[in-house]
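Worksheet: one structure, shown below.
The values are calculated or read from the model by the stated rules, or taken from the named source; none is laboratory data. Keep in mind it's a predicted model, so treat the numbers as computed, not measured. Quick reminder, even Gly has a Cβ in these numbers, built from the backbone with ideal geometry, and neighbours come from all protein chains shown. Surface accessibility is based on the protein's heavy atoms, side chains included, excluding ligands, DNA and RNA. Shrake-Rupley method; radii C 1.70, N 1.55, O 1.52, S 1.80 Å.
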Amino acid sequence: MIAAAGKITVWFGYADGLHAIDGNPVGFEVAGIDRKFVIGSATIKGNSVTVSNPAVQHPVYVRYAWAASPQMSLVNAQGLPASPFNSDDSYENQY
């Protein structure tokens, strides 16, 4: 992960052809050092996804499909879904 200019970027392994099923990547959330997650706006470029939200000026954490019944939209060229993940390892942010 790399965070810069109000955005955070994550890279996916085995992600050749990474894309959102309906063209709109959903299921991402972003947080600053306070760990208050908000819905993130995501863009895909190659095998990476950049996530941002104007409310989080200095993103530190990102998560995808991190809920009991998550929204998921990312798949690779073979149609295999991206796995849910959470870059914040604190217990209180587990679903």
Could you do me a favour and compute the accessible area per residue for the chain, 1.4 Å probe, result in Å²? 61
Charge dipole of the chain about the Cα centre (unit charges at C-beta), most positive-ward option of SER69, VAL26, VAL51: VAL51
Springs between alpha-carbon pairs under 10 angstrom, Gaussian network model over the chain: which of SER48, SER83, SER69 fluctuates most? SER69
For the chain, which whole-number percentage of the solvent-accessible area (1.4 Å probe, protein heavy atoms only) is attributable to carbon and sulfur atoms? 54
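If you average 1/r across every pair of different Cα atoms in the chain and take the reciprocal, what Kirkwood value do you get, in Å? Could the numbers behind the result be given before it?
Values: mean 1/r = 0.0753 Å⁻¹.
Averaging 1/r across every pair of different Cα atoms and inverting gives 13.3 Å.
Using just the Cα positions, wrap the stretch 1-54 in a convex hull and report its mean projected area in square nanometres, one decimal place.
On the way: hull surface 16.1 nm².
Value for the stretch 1-54: 4.0 nm².
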Please work out the Cα center distance from the stretch 1-55 to the stretch 70-87, rounded to the nearest Å. 12
